[in-house]
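The values are calculated or read from the model by the stated rules, or taken from the named source; none is laboratory data. In this text, all values refer to a predicted model and were calculated from it rather than measured experimentally. Note: ideal-geometry Cβ built from the backbone for every residue, glycine included; neighbour counts use all protein chains shown.
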Amino acid sequence: MRTKVFLCECGGNISENLDLKALKKALASSGVEVLRHPFLCSPEGQAFFEARILPGEAVLVGACSPHLHGPTFKTLSKKLRVRAFHMVALREEAAWIGKEGAYQRALRLLKGALSALPYYQAPDLKEFPITKALLIIGGGIAGLSAALKASEKELPVYLVEREAFLGGKAVFLDRLYPRLECASCLVSPRLSALSHQKNIRLYTLSRVLQVGGRPGAYEVTLEERPRYVDPERCHGCGECLRVCPVNPPALTMDPPHPVPRAPVIHAARCLHFKGEGCSRCKEVCSRKAIRFEENPRLHRLKVGGIIVATGFKPYPVEKIPYYGYKRLPGVITLWDLEKAFCQKEALRGFDGGPPRKVAVVHCAGSRDRRHLSYCSEICCGLALKAGILLRERLSAEVYHFYLDLRLKSPEGEALLRRAKEEGLRFIRGQVAEISEVPLRPEDEGRLTLLAENTLQPGQKVWAVDLVVLVPGFVPEGGSEEVASLLGLCPDRFGFFSPREEKTAPVETLRKGIWIAGAASGPKDLSESVLSGEAAALEALLFLEKSAFLADTEWVDWEEERCGRCWLCVEVCPFKALRVSPKGLKVEEALCCGCGLCASACPSGALRIKPFPRQAYLQTLEALANAP
Amino acid sequence: MKILYYPGCSSEHLARDLYLSIETLASSLGVELEVLSDWNCCGAREIEEAPEGVGLFLAARNLALAQGEELLVACSLCFHNLKRAQDLLRKEAGFRARIAELLKEEGLELSLKTPQILPLTEFLARLDLSKFRSAGFRGLPVAVYYGCFLSRPCPTDLEALEKALSAVGYPVVPTTLKSHCCGGHLPRTDSPVIKNLCQRLIFEAHQKGATGLAVACPVCKLNLEIYGGPSFPVRYFTQYLGLALGLSPSWLGLPEEE
Amino acid sequence: MEPGLLLEDILQKLAEEGYQISKRTFLYYVQLGLLPKGKRKGQKKGGVKFYYPTWTLERLKAILELKKKGLKLKEIQERLPKKAPSPPLPKTFSQAERLKDCNACGICGAICPVYEEMDLPPWRLIQAWEEVPDSLPSANTPWVCVGCYLCETRCPQEIPIVEFLRFLRREGLPPGRRWRKHPEWSRIFWSLLEERGRSFDFGAVHAYQIRVLGPAEDQRLLLRLPGPEGEKEVTAPSKIKGLPALKRALERARGWK
Amino acid sequence: MKIAVHNLLSCGGCDPVFFLEELPEFFSQAEVVFWSKVKDEEPKILKKFPDQGIEIGFLCGAIKSAGQEEMAQVFRKKCRMVVAVGACALWGGIPGLLWAWGEGPRPVSSFISPELCIPGCPPEGPTWAACLQGLLSGQPPKPSEEPVCIECPRNRRPFRLSSFRRFPETDPEIPECYLSLGVFCAGAVTQKGCGARCLKAGYPCLGCYGPPAGLSARGERLLSALVSALVPQKASQALTRWTDPIGSLYRFDLATHPLLRKRSCQRSA
Amino acid sequence: MPPKIIGFLCEWCAARALENLAFHRPELPPGFQPLRINCTGSLELEVVTKALAQAEGVLVAGCPSGECHFKEGNLRAGLHLEALRRVLSALGEDPRRLKVLWLSAGEGERLGEEIWKFYRELSHEDRGS
């Protein structure tokens, strides 16, 4: 097997420290021809390189780092159908790191590479066709924005939402930070824009059951839970809502701007399903939209890419026993307040009457090692907004208990100024306890709140009628399930980690899967929309192409060596290995040749073609014999 | 059933009635309390100001004396001092070596497997008290109070009193401040703060419909009795259990008219 | 007081833990300098015995371990430090690193039952200690703290506040700045403890006058409770048998620095 | 056909005397010249045979003393075909574990090159038969490439581990692959041939049949396999609790470990 | 005889760090021999043992935690080498001969310092044993 070794002088960079003539003599042996060139990477150098190589030969290049000119020589040798190719960084790893010993180091490097050369096999490039369809998991504001942007390019979009209505948390907002403009003026147009987009197919009350296939050609199975109301027929007149005898009604259509415009029947509360034969809503419905006999349906979709927009949920503050949420009347969270404002429900204090004194507790559970160790950054802004609304609407005395006020966007400071003008009081100190038992006799009938004003020591006991806890952001329930389905690994807080936080914030390590909205970390409305549209752009760029190129067949599985212990399947970080009747199935598009499975396989049945273990052993063997 | 018992100094003066009620209760439950021979004072709150070695030695001496699986402790302050010393000795080899030198004096040896320190509340909750309940006994609603050392830093079963009292027929009123602080040895600074603390505890029990407060620590009992407001009865939970078992009040260290 | 371990004790302890070593080899190690020389002590009954420091046991075990690994005595000589010092007691606050996590959120002040009594809440002491460890403002906080651990269990950063205050009480603050109300109770407590091995917990006792009658052996104590009962005589606590040993040990323990 | 048998440093378990009934046709036509275990004779009598005079010489066990080495050389000289029998002769076997505390025994193959190697501790009946039959017919069987797992009855599916476990801590009734229970079962790094007898009896494979063809550093391979299967969060805790690394990885081939080999030739060099 | 060190450098971080260092023409110990691997996670223990058999010191350098190009290669390598260390000490080999480093592409100087530190440690070792 003829081997050609090309040594580049790199214009003196290499030759000044290394005696290339001596190297040439030391390396030249039967079947190995050593050639020198002053500038191998220059056009003449490349011509020199091409002219000397015959097809079927093995080529070793000793020049600069493979990261620099590796691709040029790699493509050249692929074109010349070379049997094996390897490049050694003679300059960085021998010439430049120490005059003394440079020659021995170079000789060892080249001798090692030469003995390992026959074992290197380049993975070959392959084309993978892409299906022109996009799946978006999560119908919150981020998922919505992504769907709207993507569908403008005539790309079929499947929007899957687990709840009965779209809009996620944004649809229940009353006012928006920082300008306190009305939320529905921003959210509703997006929702209505959705209905006349013909290529967005909406699945509500449904979740992803199973994802198979490869990037560019995913097969997704959805499970749609029954709504018991036909969205096409119903035009949302609301007659059935009024007629339902159960309290709270079994039929709900709670968001102010419901999309789809049809109520949903909660089977758990509905008398019909309890076998009491009630069907008042069915009788009163003029358009015969109620269908009790509906059952869960499965849908199979073929999509090219997936955007994950599963969103966030507020930290469950009932986990903090001494705040008394869900135990004490008069203790609510910011999101309960938003819903109450949004649906114009009356707020009731601890003693049942209208609250005159309200405490807004920032960092409820946040920056606390036993609960949420990080700060979600945007809840201070939301808390301030809530405080101002409470002041204006209930003319209540509002106390803010904060640790650090973190107000994003330039308008934040103006909002703080407005809050102070309206007489909100700010106490710098985290709330230690909320109790119904008064510490001072005169506070009977009110909630006692212990919080030390760290800027002005003295008062630490406060009596209020209503407490609004402002919790931090945690990933939405069920996001671990989506993570395991798609093979995404959440960070230690449970949010999905992007491929590169700064330079690739919406991509993931998985080709063809992108993340949008609060699924990748706490975000406010504008950031969610921003990342939604960015994900849509990435998806469009990917799905526009008819196919994508990828190195494939990195792994060579020797069937008779394999003991079928299947240990490698779980070890692969990219879930590229699967058990199949014929043996181990390597998912071409997912495998990127990291080699973890090869190093884990006990019986050595897996070999990574470009970096086989035999190559390293041979290199070490040559190193041992070299001086 | 026999169990090693550490009475603690307060059993000889301040907590005389607690000690009495434990004695009678144990005998009527058929439990033989084997008093730890030659036990010494656990150091109470004073060791908090002495060097670490003093407190460790006092506790280590008791632990070295106690040969057995479990050591029953009546007062929650003794429980805290013994438990904290035991954990520290298990963790720090340096302390263990020095304490071993000190104990050598009396020929005592501190093995690694020291007994499990068992508070009185968990011990009584473990027994099935319902079969000892005197027929037809309907106790008045009571509230329970654990105080600091049974709740922190070495937490014990904070449902034990509820289990024990309801087993013998007392309806227990749930309260939120059952693990709060009664002021402890604050009175030494004769500060008014302790009034608010104790009155708050009593107020909650009273407001939620309890007719009495069952406590588990002599320090809390005295503070609550004196600062908690005159009319609300505060008694050891062993005294309540004794009454439910039909024992006579004088045996339980209670004034006659109960 | 016995100055250390006898050779027989060491060999017997080693046998318990499964090592077999003869007396001659032990003395050979001592001669080589691997083990410390024993202290000669004349015996009452005549003759002389050699007492070896307590850390000899640990050192010998380490030597036997290394020998089992196949190392020569010369190699072991270099591996083992010359003299194993006895472990020092903590000088600075052992968990000073954790104090850096304090966000001054004020929860420990808010939850503390005796906050009104304290000059400064605990977090201010922590912040001051973080700035310049030894320049603590004179505050009564370490002494007023009743050690109820509420602050430690509620602290969002899980900082060992009670441990820190205990450290300040014990070593952190220069002796001059001790703050104590009613020091006589503490004196009575310790005198009773040393004379009887058991004492009289004044912790819960309130601002009532206590009069001690009679000398140490059969002391009688008169207490006047603030309540209606007025003056009450209480017998002093009973005595323990191992009193002399306890007294000496307490003395040595107090000397720990 | 003259044969000679000798046990070097070995427990004597591989001695053909235990397999007489299983290889009747071979031993019937064999004329025993020297068999120290059966008839006590001075090794000197071997000297009087001409070189290559004895057809087959069986050598069981490893070599530690000079006498044993000399005996092996004599066998090489005197026997036409030398057969190294058992794990000790091929890789140092259980006595090879001596290497952990200093100089240990070396396998026969590091002194002389035998014509045939019979793996196993001891080799199973069928392996004896196949090897001897192959020896006589001229092409001795080569070690197989397939691991013991092929013959193992236990069922296997993808798994992750939270800790390592020793055999007594597992319940043999669970028919799951021992690797998935966290046990160091050497099946995957051992060539098949014994019919997975230990595994069929519910006991994890110890790896006495040696590596499959072409597989080197069995201990390291098994270690990286099980460490890779550990769930990262629990891994360092599992590693600190892991005991007896040599026993679980190099039970039969510690003598051939490259690091020990380096130390020994350093000492002798 | 100056100690020989074989350095397994991960292609994406450590090898890049060596290249950045090389631009300043540092003087590294003559016995240091860099070997490029595609990921420390794919480095087989068999290769490390063979390297330990023929060189005084073996250095494995990979990406800092969380920044591995293949997501968890460095995590896997860390565990493999920790296990190997325990085997080495059981075999009576000095585990300090195996050194593991996590450094990003920009930390060239630190790689140089660590190599020299390792070289000095090994030289003392040589004279010692």
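Inside region E:75-129, can you point out the residues that are of a type in the set (S, T, N, Q) and more than 15 Å from the chain's Cα centre (by Cα)?
Of all residues in region E:75-129, those of a type in the set (S, T, N, Q) come to E:89, E:104, E:123, E:129.
Listed by number, the residues that qualify are E:89, E:123, E:129.
Please give the number of the condition residue B:216 fails out of (1) within 9 Å of another protein chain (Cβ to nearest Cβ); (2) surrounded by 22 or more Cβ atoms within 10 Å (Cβ to Cβ); (3) aliphatic (A, V, I, L, M).
All conditions pass for residue B:216, except number (1).
Answer yes if at least one residue in region A:161-175 is without any contact (Cβ under 8 Å) to a residue 24 or more places away in the chain, assigned to a helix (DSSP H, G or I), within 28 Å of the chain's Cα centre (by Cα) and more than 14 Å from chain E (Cβ to nearest Cβ), and no otherwise. Can you show your working first?
Here is the first cut: in region A:161-175, the residues without any contact (Cβ under 8 Å) to a residue 24 or more places away in the chain are none.
No.
Here are the criteria: (1) surrounded by 22 or more Cβ atoms within 10 Å (Cβ to Cβ); (2) outside any helix (DSSP H, G or I); (3) more than 15 Å from the chain's Cα centre (by Cα); (4) at the interface with chain C (Cβ under 8 Å from one of its Cβ atoms). Tell me which single one residue B:191 does not satisfy.
The one condition residue B:191 does not meet is (1).
Residue check, residue E:42 against (1) surrounded by fewer than 24 Cβ atoms within 10 Å (Cβ to Cβ); (2) of a type in the set (Gly, Ala, Ser); (3) closer than 28 Å to residue A:603 by Cα, all met but one. Which one?
The failed condition is (1).
All but one of (1) surrounded by fewer than 15 Cβ atoms within 10 Å (Cβ to Cβ); (2) at pLDDT 65 or above hold for residue C:136; state the number of the condition that does not hold.
Residue C:136 satisfies all of (1) surrounded by fewer than 15 Cβ atoms within 10 Å (Cβ to Cβ); (2) at pLDDT 65 or above except (1).
Would you call residue D:45 more than 11 Å from residue D:8 (Cβ to Cβ), modelled with pLDDT of 90 or more and out of contact with any Gly (no Cβ under 9 Å at 6 or more places or on another chain)? Before the answer, list the steps.
Values: more than 11 Å from residue D:8 (Cβ to Cβ): yes; modelled with pLDDT of 90 or more: no; out of contact with any Gly (no Cβ under 9 Å at 6 or more places or on another chain): yes.
No; evaluated as a whole, the condition is false for this residue.
Determine whether residue C:224 is at pLDDT below 65 and more than 27 Å from the chain's Cα centre (by Cα). If you could, list the steps in order and put the result at the bottom.
On the way: at pLDDT below 65: yes; more than 27 Å from the chain's Cα centre (by Cα): yes.
Yes.
Among the residues of region E:89-104, are any closer than 22 Å to residue E:11 by Cα and surrounded by fewer than 16 Cβ atoms within 10 Å (Cβ to Cβ)?
At the first step, the residues of region E:89-104 found to be closer than 22 Å to residue E:11 by Cα are E:98-104.
Now drop any that are not surrounded by fewer than 16 Cβ atoms within 10 Å (Cβ to Cβ), which leaves E:104.
Yes, that holds for at least one residue.
Which residue, of B:19, B:6, is of a type in the set (Phe, Trp, Tyr) and under 22 Å from residue B:102 (Cα atoms)?
Numbers: B:19 fails: under 22 Å from residue B:102 (Cα atoms).
Only one candidate passes the filter, namely B:6.
What single numbered condition from (1) assigned to a loop (DSSP other than H, G, I, E, B); (2) within 29 Å of residue A:449 (Cβ to Cβ); (3) within 14 Å of chain C (Cβ to nearest Cβ) fails to hold for residue B:198?
Looking at each condition in turn, residue B:198 falls short on (1).
Output the residues belonging to region E:79-114 that are within 9 Å of another protein chain (Cβ to nearest Cβ) and more than 23 Å from residue C:70 (Cα to Cα).
E:79, E:80, E:82, E:112
Taking the condition basic (Lys, Arg), within 14 Å of chain C (Cβ to nearest Cβ) and within 36 Å of the chain's Cα centre (by Cα), does residue A:440 pass? Spell out how you get there, then give the answer.
Numbers: basic (Lys, Arg): yes; within 14 Å of chain C (Cβ to nearest Cβ): yes; within 36 Å of the chain's Cα centre (by Cα): no.
No; evaluated as a whole, the condition is false for this residue.
Filter region D:83-127 down to the residues that are of a type in the set (Val, Ile, Thr) and surrounded by fewer than 24 Cβ atoms within 10 Å (Cβ to Cβ), then identify the one that is nearest to residue D:192 (Cα to Cα).
Here is the first cut: in region D:83-127, the ones of a type in the set (Val, Ile, Thr) are D:83, D:85, D:94, D:108, D:112, D:118, D:127.
Next cut, surrounded by fewer than 24 Cβ atoms within 10 Å (Cβ to Cβ) only: D:94, D:112, D:127.
On the way: D:94: 20, D:112: 26, D:127: 10 Å.
So the residue we want is D:127.
So which residues in region D:159-184 are at the interface with chain A (Cβ under 9 Å from one of its Cβ atoms) and assigned to a loop (DSSP other than H, G, I, E, B), if there are any at all?
Correct list: D:159, D:160, D:177.
State all residues of region C:237-247 that are in contact (Cβ under 8 Å) with a residue 40 or more places away in the chain and either facing chain B (nearest Cβ under 7 Å) or touching a Phe, Trp or Tyr at 6+ places or on another chain (Cβ under 7 Å) (or both); if no residue qualifies, say none. Reasoning before the result, please.
Filtering region C:237-247 down to residues in contact (Cβ under 8 Å) with a residue 40 or more places away in the chain leaves C:237-240, C:242-243, C:246-247.
Within region C:237-247, C:237, C:238, C:240, C:242, C:246 meet the criteria.
For residues that are touching a strand residue (DSSP E or B) at 6+ places or on another chain (Cβ under 7 Å) and free of Cβ contacts under 8 Å to residues at least 24 places away in the same chain, scanning just region D:136-174, find the one that is nearest to residue D:222 (Cα to Cα).
That would be D:158.
Determine if region A:233-245 includes at least one residue that is touching a residue at least 60 places away in the same chain (Cβ under 8 Å) and either closer than 25 Å to residue A:185 by Cβ or of a type in the set (D, E, K, R) (or both). Break it down into steps so the answer makes sense when it comes.
Applying the first criterion (touching a residue at least 60 places away in the same chain (Cβ under 8 Å)) to region A:233-245 yields none.
No; the residues of region A:233-245 include none that is touching a residue at least 60 places away in the same chain (Cβ under 8 Å) and either closer than 25 Å to residue A:185 by Cβ or of a type in the set (D, E, K, R) (or both).
Which residues, counting only those in region A:188-214, are closer than 17 Å to residue A:232 by Cβ and without any contact (Cβ under 8 Å) to a residue 40 or more places away in the chain?
A:196, A:198
Taking the residues in region A:70-100 that are more than 10 Å from chain E (Cβ to nearest Cβ) and small (Gly, Ala, Ser) as candidates, determine which candidate is surrounded by the fewest Cβ atoms within 10 Å (Cβ to Cβ).
A:70
Looking at (1) within 11 Å of another protein chain (Cβ to nearest Cβ); (2) touching a Cys at 6+ places or on another chain (Cβ under 7 Å); (3) more than 24 Å from residue D:8 (Cβ to Cβ), can you tell me which one residue D:190 breaks?
Only one criterion in (1) within 11 Å of another protein chain (Cβ to nearest Cβ); (2) touching a Cys at 6+ places or on another chain (Cβ under 7 Å); (3) more than 24 Å from residue D:8 (Cβ to Cβ) is unmet by residue D:190, namely (3).
Can you pull out every residue in region A:455-493 that is buried (at least 22 other Cβ atoms within 10 Å of the Cβ) and polar (S, T, N, Q)?
Result: A:479, single match.
Please find, within region A:1-57, the residue that is surrounded by the most Cβ atoms within 10 Å (Cβ to Cβ) out of those that are under 15 Å from residue A:74 (Cα atoms) and charged (D, E, K, R).
Filtering region A:1-57 for residues that are under 15 Å from residue A:74 (Cα atoms) and charged (D, E, K, R), the one surrounded by the most Cβ atoms within 10 Å (Cβ to Cβ) comes out as A:57.
Taking interchain pairs and intrachain pairs at least six residues apart, which have beta carbon atoms under 7 angstrom, with the first residue in region B:143-158 and within 26 Å of residue B:203 (Cβ to Cβ) and more than 10 Å from chain C (Cβ to nearest Cβ) and the second among the aromatic types (Phe, Trp, Tyr) and surrounded by fewer than 24 Cβ atoms within 10 Å (Cβ to Cβ)?
From residues that are within 26 Å of residue B:203 (Cβ to Cβ) and more than 10 Å from chain C (Cβ to nearest Cβ), there are no pairs.
Step by step: first the residues of region A:353-368, then only those that are aliphatic (A, V, I, L, M) and under 37 Å from the mean Cα position of the chain (by Cα), then the one that is surrounded by the most Cβ atoms within 10 Å (Cβ to Cβ). Which residue is that?
A:364
Checking the structure you have, find out if any residue of region A:62-76 is among the aromatic types (Phe, Trp, Tyr), at negative phi and part of a strand (DSSP E or B). It would help to see each step written out before you state the result.
Applying the first criterion (among the aromatic types (Phe, Trp, Tyr)) to region A:62-76 yields A:73.
Now restrict to residues that are at negative phi: A:73.
Checking the rest, the ones that are also part of a strand (DSSP E or B) come to none.
Within region A:62-76, not a single residue is among the aromatic types (Phe, Trp, Tyr), at negative phi and part of a strand (DSSP E or B).
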